[in-house]
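The values are calculated or read from the model by the stated rules, or taken from the named source; none is laboratory data. None of the values given here were measured: they were computed from a predicted structure. Cβ atoms come from the backbone with ideal geometry, glycine included; neighbour counts cover every protein chain shown.
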Amino acid sequence: ALILGIESSCDETAAALVTSERAILAQHIASQDDAHRPYGGVVPEIAARAHAERLAPLIAATLADAGLTLNDVDAIAATAGPGLIGGVMVGLVTGKALAMATGKPLIAVNHLEGHALSPRLADPALRFPYALLLVSGGHCQILRVDGVGQYRRMATTIDDALGEAFDKTAKILGLGYPGGPRVEKLAREGDAKAVPLPRPLIGSAEPHFSFAGLKSAVLRAKDSGHYRDADIAASFQQAAIDCVIDRLKRALATMDGVTALVVAGGVAANQAMRHALEHLAAAHDLPFIAPPLQLCTDNAAMIAWAGVERHAQGQSDPLDFVARPRWPLDPEAAPVRGAGV
Ligand code: ATP
Ligand code: MG
Ligand code: FE
(Lines give C-alpha, C1' and ligand atoms only; values in the text may rest on other atoms or scores of the structure.)
(Ligands and ions follow the chains in the order given, each with its own letter.)
Protein backbone atom coordinates (compact mmCIF):
# COMPACT_ATOMS: atom_id res chain seq x y z
CA ALA A 1 0.00 0.00 0.00
CA LEU A 2 1.01 3.62 -0.53
CA ILE A 3 0.13 6.16 2.16
CA LEU A 4 0.33 9.96 2.10
CA GLY A 5 1.28 11.31 5.52
CA ILE A 6 0.62 14.84 6.78
CA GLU A 7 2.20 16.37 9.91
CA SER A 8 1.43 19.79 11.39
CA SER A 9 1.16 19.36 15.17
CA CYS A 10 3.99 21.67 16.21
CA ASP A 11 6.36 23.75 14.11
CA GLU A 12 7.23 21.38 11.28
CA THR A 13 4.96 21.33 8.24
CA ALA A 14 5.57 18.00 6.57
CA ALA A 15 4.27 15.60 3.94
CA ALA A 16 5.57 12.16 2.93
CA LEU A 17 4.74 9.19 0.73
CA VAL A 18 5.58 5.84 2.32
CA THR A 19 4.92 2.30 1.14
CA SER A 20 4.20 -0.81 3.20
CA GLU A 21 7.61 -2.03 1.95
CA ARG A 22 9.15 0.78 4.06
CA ALA A 23 10.16 2.93 1.10
CA ILE A 24 9.96 6.67 1.70
CA LEU A 25 9.22 7.65 -1.92
CA ALA A 26 9.32 11.38 -1.22
CA GLN A 27 9.09 13.75 1.70
CA HIS A 28 9.27 17.43 2.52
CA ILE A 29 9.72 19.06 5.91
CA ALA A 30 9.34 22.83 6.18
CA SER A 31 10.73 23.98 9.51
CA GLN A 32 9.34 27.17 11.02
CA ASP A 33 12.39 27.76 13.21
CA ASP A 34 13.09 31.18 11.68
CA ALA A 35 9.52 32.37 12.25
CA HIS A 36 9.56 31.42 15.95
CA ARG A 37 13.18 32.21 16.80
CA PRO A 38 12.54 35.87 17.77
CA TYR A 39 10.11 34.62 20.45
CA GLY A 40 12.37 31.89 21.84
CA GLY A 41 9.72 29.21 21.36
CA VAL A 42 6.79 28.15 19.23
CA VAL A 43 3.99 30.74 18.95
CA PRO A 44 0.77 28.80 18.24
CA GLU A 45 -0.89 31.43 15.99
CA ILE A 46 2.23 31.89 13.88
CA ALA A 47 2.54 28.12 13.59
CA ALA A 48 -1.07 27.60 12.49
CA ARG A 49 -0.80 30.32 9.86
CA ALA A 50 2.48 28.98 8.52
CA HIS A 51 1.02 25.46 8.26
CA ALA A 52 -1.99 26.84 6.39
CA GLU A 53 0.23 28.70 3.92
CA ARG A 54 2.69 25.90 3.30
CA LEU A 55 0.90 22.59 3.52
CA ALA A 56 -0.92 22.41 0.17
CA PRO A 57 2.12 23.29 -1.98
CA LEU A 58 4.23 20.95 0.13
CA ILE A 59 1.90 18.02 -0.53
CA ALA A 60 1.89 18.87 -4.25
CA ALA A 61 5.70 18.97 -4.26
CA THR A 62 5.91 15.63 -2.46
CA LEU A 63 3.62 13.96 -5.02
CA ALA A 64 5.53 15.61 -7.88
CA ASP A 65 8.89 14.40 -6.52
CA ALA A 66 7.60 10.83 -6.52
CA GLY A 67 6.02 11.26 -9.96
CA LEU A 68 2.67 10.27 -8.48
CA THR A 69 -0.83 11.69 -8.09
CA LEU A 70 -3.41 11.31 -5.33
CA ASN A 71 -4.99 8.55 -7.43
CA ASP A 72 -1.96 6.36 -6.69
CA VAL A 73 -2.40 6.73 -2.93
CA ASP A 74 -4.30 4.09 -0.92
CA ALA A 75 -5.06 6.24 2.12
CA ILE A 76 -4.37 9.64 3.62
CA ALA A 77 -2.88 9.71 7.12
CA ALA A 78 -2.95 13.02 8.94
CA THR A 79 -1.87 13.87 12.47
CA ALA A 80 -5.08 14.47 14.46
CA GLY A 81 -3.39 15.28 17.78
CA PRO A 82 -1.94 15.79 20.28
CA GLY A 83 -0.33 19.16 19.69
CA LEU A 84 -1.02 22.83 19.08
CA ILE A 85 -4.65 22.64 18.09
CA GLY A 86 -4.57 25.30 15.34
CA GLY A 87 -1.82 23.48 13.50
CA VAL A 88 -3.36 20.06 14.04
CA MET A 89 -6.63 21.34 12.57
CA VAL A 90 -4.89 22.64 9.45
CA GLY A 91 -3.32 19.24 8.75
CA LEU A 92 -6.39 17.21 9.67
CA VAL A 93 -8.77 19.38 7.62
CA THR A 94 -6.40 19.15 4.65
CA GLY A 95 -6.32 15.36 5.01
CA LYS A 96 -10.10 15.24 5.23
CA ALA A 97 -10.49 17.43 2.14
CA LEU A 98 -8.14 15.22 0.12
CA ALA A 99 -9.90 12.09 1.37
CA MET A 100 -13.28 13.52 0.47
CA ALA A 101 -12.16 14.70 -2.97
CA THR A 102 -10.55 11.38 -3.89
CA GLY A 103 -12.77 8.93 -2.02
CA LYS A 104 -9.67 7.49 -0.30
CA PRO A 105 -9.86 6.53 3.37
CA LEU A 106 -8.70 8.94 6.07
CA ILE A 107 -6.49 7.70 8.88
CA ALA A 108 -6.42 10.08 11.87
CA VAL A 109 -3.00 9.46 13.39
CA ASN A 110 -1.91 10.07 16.96
CA HIS A 111 1.37 12.01 16.59
CA LEU A 112 2.80 10.01 19.49
CA GLU A 113 1.94 6.77 17.72
CA GLY A 114 3.90 8.16 14.79
CA HIS A 115 6.94 8.55 17.06
CA ALA A 116 6.27 5.19 18.75
CA LEU A 117 6.14 3.20 15.51
CA SER A 118 8.87 5.15 13.66
CA PRO A 119 11.55 2.62 14.71
CA ARG A 120 9.61 -0.06 12.81
CA LEU A 121 9.79 2.03 9.64
CA ALA A 122 13.54 2.15 10.04
CA ASP A 123 14.05 -1.46 11.09
CA PRO A 124 12.01 -4.33 9.57
CA ALA A 125 13.38 -6.71 12.21
CA LEU A 126 11.78 -4.85 15.12
CA ARG A 127 8.89 -6.88 16.48
CA PHE A 128 6.36 -6.42 19.27
CA PRO A 129 6.50 -6.23 22.21
CA TYR A 130 9.26 -3.66 22.74
CA ALA A 131 10.26 -1.26 25.49
CA LEU A 132 10.03 2.29 24.20
CA LEU A 133 11.59 5.44 25.59
CA LEU A 134 9.59 8.27 24.02
CA VAL A 135 11.47 11.51 24.57
CA SER A 136 10.24 14.57 22.71
CA GLY A 137 9.44 18.23 23.14
CA GLY A 138 6.19 17.53 24.97
CA HIS A 139 6.64 14.01 26.36
CA CYS A 140 8.94 11.82 28.40
CA GLN A 141 7.53 8.35 28.77
CA ILE A 142 8.49 4.71 29.00
CA LEU A 143 5.98 2.55 27.18
CA ARG A 144 5.52 -1.11 26.60
CA VAL A 145 4.49 -1.43 22.94
CA ASP A 146 2.54 -4.65 22.46
CA GLY A 147 1.18 -3.88 19.00
CA VAL A 148 -0.31 -1.16 16.82
CA GLY A 149 -2.61 0.79 19.12
CA GLN A 150 -1.51 -1.23 22.16
CA TYR A 151 0.58 0.90 24.45
CA ARG A 152 1.05 0.55 28.17
CA ARG A 153 2.59 3.55 29.88
CA MET A 154 5.12 2.44 32.50
CA ALA A 155 6.40 5.91 33.39
CA THR A 156 5.90 9.56 32.51
CA THR A 157 7.16 12.93 33.68
CA ILE A 158 5.52 14.59 36.64
CA ASP A 159 6.60 18.03 35.38
CA ASP A 160 8.73 18.90 32.32
CA ALA A 161 9.33 16.79 29.22
CA LEU A 162 12.96 16.01 28.45
CA GLY A 163 13.05 17.99 25.20
CA GLU A 164 11.53 20.89 27.11
CA ALA A 165 14.36 20.64 29.67
CA PHE A 166 16.92 20.77 26.83
CA ASP A 167 15.14 23.77 25.32
CA LYS A 168 15.00 25.61 28.66
CA THR A 169 18.67 24.89 29.33
CA ALA A 170 19.46 26.31 25.89
CA LYS A 171 17.47 29.42 26.75
CA ILE A 172 19.25 29.84 30.11
CA LEU A 173 22.61 29.54 28.34
CA GLY A 174 21.52 31.98 25.64
CA LEU A 175 21.89 29.39 22.90
CA GLY A 176 18.61 30.28 21.23
CA TYR A 177 15.95 28.17 19.64
CA PRO A 178 15.59 25.29 18.92
CA GLY A 179 17.70 24.31 21.86
CA GLY A 180 18.31 20.55 22.01
CA PRO A 181 20.88 20.25 19.23
CA ARG A 182 22.70 23.39 20.44
CA VAL A 183 23.00 22.09 24.01
CA GLU A 184 24.36 18.82 22.63
CA LYS A 185 26.94 20.65 20.50
CA LEU A 186 28.13 22.84 23.37
CA ALA A 187 28.19 19.86 25.75
CA ARG A 188 30.87 18.25 23.57
CA GLU A 189 33.29 21.00 24.65
CA GLY A 190 32.44 20.76 28.34
CA ASP A 191 33.22 18.66 31.41
CA ALA A 192 30.17 16.67 32.51
CA LYS A 193 31.54 16.48 36.07
CA ALA A 194 32.24 20.19 36.46
CA VAL A 195 28.85 21.30 37.74
CA PRO A 196 27.09 19.44 40.56
CA LEU A 197 23.48 19.01 39.42
CA PRO A 198 20.64 16.99 40.95
CA ARG A 199 19.28 13.79 39.43
CA PRO A 200 15.62 14.01 40.45
CA LEU A 201 13.88 10.75 41.42
CA ILE A 202 16.97 8.57 40.86
CA GLY A 203 16.56 5.44 42.93
CA SER A 204 12.97 6.38 43.75
CA ALA A 205 10.37 3.65 44.20
CA GLU A 206 7.96 5.52 41.99
CA PRO A 207 8.50 4.91 38.29
CA HIS A 208 8.29 8.46 36.93
CA PHE A 209 10.56 11.23 35.67
CA SER A 210 11.05 14.77 36.91
CA PHE A 211 13.15 17.48 35.28
CA ALA A 212 11.90 20.73 36.83
CA GLY A 213 14.43 20.63 39.68
CA LEU A 214 17.25 19.95 37.25
CA LYS A 215 16.24 22.95 35.17
CA SER A 216 16.17 25.21 38.27
CA ALA A 217 19.63 23.96 39.22
CA VAL A 218 20.90 24.81 35.73
CA LEU A 219 19.53 28.32 36.20
CA ARG A 220 21.26 28.67 39.58
CA ALA A 221 24.54 27.37 38.15
CA LYS A 222 24.39 29.91 35.35
CA ASP A 223 23.44 32.77 37.70
CA SER A 224 26.28 31.91 40.10
CA GLY A 225 28.78 32.93 37.45
CA HIS A 226 31.10 30.15 38.62
CA TYR A 227 30.88 27.84 35.66
CA ARG A 228 31.65 27.78 31.94
CA ASP A 229 28.56 27.44 29.76
CA ALA A 230 30.02 24.35 28.08
CA ASP A 231 30.47 22.70 31.49
CA ILE A 232 26.88 23.51 32.43
CA ALA A 233 25.64 22.06 29.14
CA ALA A 234 27.70 18.90 29.55
CA SER A 235 26.72 18.46 33.21
CA PHE A 236 23.05 19.02 32.41
CA GLN A 237 23.11 16.50 29.57
CA GLN A 238 24.82 13.92 31.78
CA ALA A 239 22.34 14.46 34.62
CA ALA A 240 19.44 14.03 32.18
CA ILE A 241 20.96 10.84 30.78
CA ASP A 242 21.58 9.46 34.28
CA CYS A 243 17.92 10.06 35.13
CA VAL A 244 16.73 8.34 31.97
CA ILE A 245 18.99 5.32 32.49
CA ASP A 246 17.95 4.91 36.14
CA ARG A 247 14.24 5.12 35.31
CA LEU A 248 14.63 2.72 32.38
CA LYS A 249 16.47 0.17 34.52
CA ARG A 250 13.60 0.27 36.94
CA ALA A 251 11.01 -0.08 34.18
CA LEU A 252 12.84 -2.88 32.37
CA ALA A 253 12.83 -4.92 35.56
CA THR A 254 9.02 -4.89 35.40
CA MET A 255 8.65 -5.64 31.67
CA ASP A 256 8.60 -9.28 30.65
CA GLY A 257 9.30 -10.57 27.18
CA VAL A 258 10.26 -7.35 25.41
CA THR A 259 12.37 -7.98 22.31
CA ALA A 260 14.27 -4.68 22.15
CA LEU A 261 15.02 -1.37 23.80
CA VAL A 262 13.79 1.34 21.47
CA VAL A 263 14.05 5.12 21.57
CA ALA A 264 11.99 7.64 19.61
CA GLY A 265 11.16 11.35 19.60
CA GLY A 266 13.32 14.43 19.10
CA VAL A 267 15.69 13.81 22.02
CA ALA A 268 16.47 10.40 20.48
CA ALA A 269 18.61 12.43 18.06
CA ASN A 270 21.06 13.10 20.94
CA GLN A 271 24.22 11.05 20.40
CA ALA A 272 25.27 10.92 24.06
CA MET A 273 21.79 9.66 24.94
CA ARG A 274 21.97 7.03 22.19
CA HIS A 275 25.33 5.79 23.46
CA ALA A 276 24.08 5.47 27.04
CA LEU A 277 20.97 3.61 25.87
CA GLU A 278 23.07 1.30 23.73
CA HIS A 279 25.08 0.29 26.80
CA LEU A 280 21.95 -0.22 28.86
CA ALA A 281 20.43 -2.42 26.18
CA ALA A 282 23.60 -4.49 25.91
CA ALA A 283 23.62 -5.00 29.69
CA HIS A 284 20.06 -6.34 29.40
CA ASP A 285 20.91 -8.54 26.38
CA LEU A 286 18.49 -6.56 24.25
CA PRO A 287 19.06 -5.12 20.81
CA PHE A 288 19.02 -1.32 20.81
CA ILE A 289 16.94 0.30 18.06
CA ALA A 290 16.99 4.01 17.30
CA PRO A 291 15.59 5.55 14.14
CA PRO A 292 17.91 7.62 11.92
CA LEU A 293 18.16 11.22 13.12
CA GLN A 294 15.76 12.68 10.56
CA LEU A 295 13.05 10.25 11.74
CA CYS A 296 13.50 11.28 15.39
CA THR A 297 12.34 14.88 15.19
CA ASP A 298 8.94 15.68 13.73
CA ASN A 299 8.37 14.43 10.20
CA ALA A 300 5.54 13.09 8.04
CA ALA A 301 7.19 9.79 7.13
CA MET A 302 6.45 8.50 10.63
CA ILE A 303 2.83 9.64 10.29
CA ALA A 304 2.53 7.91 6.91
CA TRP A 305 4.11 4.79 8.45
CA ALA A 306 1.62 4.77 11.32
CA GLY A 307 -0.97 5.02 8.53
CA VAL A 308 0.61 2.01 6.79
CA GLU A 309 0.42 -0.02 10.02
CA ARG A 310 -3.20 0.94 10.72
CA HIS A 311 -4.25 0.50 7.08
CA ALA A 312 -2.75 -3.01 7.16
CA GLN A 313 -5.15 -3.75 10.02
CA GLY A 314 -8.08 -2.46 7.99
CA GLN A 315 -8.47 0.65 10.12
CA SER A 316 -9.66 4.06 8.97
CA ASP A 317 -11.47 6.99 10.55
CA PRO A 318 -14.65 8.94 9.83
CA LEU A 319 -14.40 12.31 8.11
CA ASP A 320 -15.90 14.00 11.17
CA PHE A 321 -12.99 12.91 13.38
CA VAL A 322 -12.31 15.80 15.75
CA ALA A 323 -8.77 17.15 16.31
CA ARG A 324 -7.46 16.47 19.82
CA PRO A 325 -5.12 18.83 21.69
CA ARG A 326 -4.47 16.03 24.21
CA TRP A 327 -4.43 12.37 23.26
CA PRO A 328 -2.56 9.94 25.51
CA LEU A 329 -1.23 6.75 23.93
CA ASP A 330 -2.35 4.79 26.97
CA PRO A 331 -5.80 6.06 27.96
CA GLU A 332 -5.84 3.69 30.95
CA ALA A 333 -2.74 5.20 32.54
CA ALA A 334 -3.41 6.85 35.85
CA PRO A 335 -2.89 10.61 35.97
CA VAL A 336 0.25 11.73 37.80
CA ARG A 337 0.74 14.92 39.75
CA GLY A 338 2.01 17.81 37.66
CA ALA A 339 1.51 18.19 33.93
CA GLY A 340 2.48 14.73 32.73
CA VAL A 341 0.15 12.74 30.53
P1 ATP B 1 5.73 15.97 20.97
O2 ATP B 1 6.21 14.96 19.99
O3 ATP B 1 5.87 15.53 22.39
O4 ATP B 1 4.38 16.51 20.65
P5 ATP B 1 7.46 17.79 19.58
O6 ATP B 1 6.79 17.20 18.40
O7 ATP B 1 7.62 19.25 19.67
O8 ATP B 1 6.74 17.24 20.89
P9 ATP B 1 9.84 16.46 18.68
O10 ATP B 1 9.86 17.14 17.37
O11 ATP B 1 9.67 15.01 18.69
O12 ATP B 1 8.89 17.15 19.75
O13 ATP B 1 11.20 16.79 19.39
C14 ATP B 1 11.62 18.11 19.54
C15 ATP B 1 12.39 18.17 20.83
O16 ATP B 1 13.58 17.38 20.72
C17 ATP B 1 12.82 19.56 21.21
O18 ATP B 1 12.58 19.77 22.57
C19 ATP B 1 14.31 19.54 20.91
O20 ATP B 1 15.06 20.42 21.73
C21 ATP B 1 14.67 18.10 21.20
N22 ATP B 1 15.88 17.70 20.47
C23 ATP B 1 16.07 17.67 19.14
N24 ATP B 1 17.32 17.30 18.85
C25 ATP B 1 17.95 17.10 20.04
C26 ATP B 1 19.28 16.72 20.42
N27 ATP B 1 20.19 16.48 19.51
N28 ATP B 1 19.55 16.63 21.74
C29 ATP B 1 18.60 16.87 22.67
N30 ATP B 1 17.35 17.24 22.38
C31 ATP B 1 17.02 17.36 21.08
MG1 MG C 1 10.25 21.57 15.73
FE1 FE D 1 6.87 15.15 18.00
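Determine which member of the set Glu206, Glu189 is without any contact (Cβ under 8 Å) to a residue 24 or more places away in the chain and more than 19 Å from Val263 (Cβ to Cβ).
Values: Glu189 fails: without any contact (Cβ under 8 Å) to a residue 24 or more places away in the chain.
Going through Glu206, Glu189 in turn, just one is without any contact (Cβ under 8 Å) to a residue 24 or more places away in the chain and more than 19 Å from Val263 (Cβ to Cβ): Glu206.
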Going by the structure shown, is Ser235 hydroxyl-bearing (Ser, Thr, Tyr) and either surrounded by fewer than 19 Cβ atoms within 10 Å (Cβ to Cβ) or touching a strand residue (DSSP E or B) at 6+ places or on another chain (Cβ under 8 Å) (or both)? no
When you check Ile241 against the structure, is it in contact (Cβ under 8 Å) with a residue 40 or more places away in the chain and either within 16 Å of ligand 3 (Cβ to nearest atom) or part of a helix (DSSP H, G or I) (or both), yes or no? no
Residue pairs qualifying under the 7 Å Cβ cut-off, at least six apart or on distinct chains, with the first in region 8-31 being over 18 Å from Pro57 (Cα atoms) and the second being within 10 Å of ligand 2 (Cβ to nearest atom) and in a loop (DSSP other than H, G, I, E, B), are Cys10/Val42; Cys10/Gly137; Cys10/Asp298
From the residues in region 102-115 that are in contact (Cβ under 8 Å) with a residue 24 or more places away in the chain, away from ligand 2 (no atom under 16 Å from the Cβ) and not polar (S, T, N, Q), which one is surrounded by the fewest Cβ atoms within 10 Å (Cβ to Cβ)? Lys104
Ala192 meets each of (1) within 16 Å of ligand 3 (Cβ to nearest atom); (2) over 24 Å from the mean Cα position of the chain (by Cα) with one exception, condition (1)
Quick check on Val244: is it within 19 Å of Pro124 (Cβ to Cβ) and within 18 Å of the chain's Cα centre (by Cα)? no
If you go through Val267, Val308, the only one that is outside any loop (DSSP other than H, G, I, E, B) and either away from ligand 2 (no atom under 15 Å from the Cβ) or free of Cβ contacts under 8 Å to residues at least 40 places away in the same chain (or both) is Val308
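Just the residues that are in contact (Cβ under 8 Å) with a residue 24 or more places away in the chain, surrounded by fewer than 18 Cβ atoms within 10 Å (Cβ to Cβ), farther than 14 Å from Cys10 by Cβ and out of contact with any His (no Cβ under 7 Å at 6 or more places or on another chain), please, taken from region 67-92.
If we filter region 67-92 for residues that are in contact (Cβ under 8 Å) with a residue 24 or more places away in the chain, which is where we start, we get 68, 70-92.
Filter again for surrounded by fewer than 18 Cβ atoms within 10 Å (Cβ to Cβ), leaving 68, 70-72, 74, 85.
Within this subset, residues satisfying the condition of being farther than 14 Å from Cys10 by Cβ are 68, 70-72, 74.
If the condition is that a residue be in contact (Cβ under 8 Å) with a residue 24 or more places away in the chain, surrounded by fewer than 18 Cβ atoms within 10 Å (Cβ to Cβ), farther than 14 Å from Cys10 by Cβ and out of contact with any His (no Cβ under 7 Å at 6 or more places or on another chain), then Leu68, Leu70, Asn71, Asp72 are the ones that fit.
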Quick one: in region 12-44, which of the residues that are among the acidic types (Asp, Glu) and modelled with pLDDT of 95 or more is surrounded by the fewest Cβ atoms within 10 Å (Cβ to Cβ)? Glu21
Which one of these does Thr297 not meet: (1) closer than 15 Å to Leu132 by Cα; (2) of a type in the set (Val, Ile, Thr); (3) within 16 Å of ligand 2 (Cβ to nearest atom)? (1)
Across region 179-189, what is the number of residues that are surrounded by fewer than 22 Cβ atoms within 10 Å (Cβ to Cβ) and assigned to a loop (DSSP other than H, G, I, E, B)? 2
Can you spot a residue in region 272-288 that is within 17 Å of Arg182 (Cα to Cα), touching a residue at least 24 places away in the same chain (Cβ under 8 Å) and aromatic (Phe, Trp, Tyr)? no
Residue pairs qualifying under the 6 Å Cβ cut-off, at least six apart or on distinct chains, with the first in region 116-136 being closer than 17 Å to Leu162 by Cβ and more than 13 Å from ligand 1 (Cβ to nearest atom) and the second being at pLDDT 95 or above and part of a loop (DSSP other than H, G, I, E, B), are Ala131/Met255; Ala131/Val258
Can you tell me which residue in region 297-341 is surrounded by the fewest Cβ atoms within 10 Å (Cβ to Cβ), limited to those that are within 19 Å of the chain's Cα centre (by Cα) and of a type in the set (Asp, Glu)? Asp330
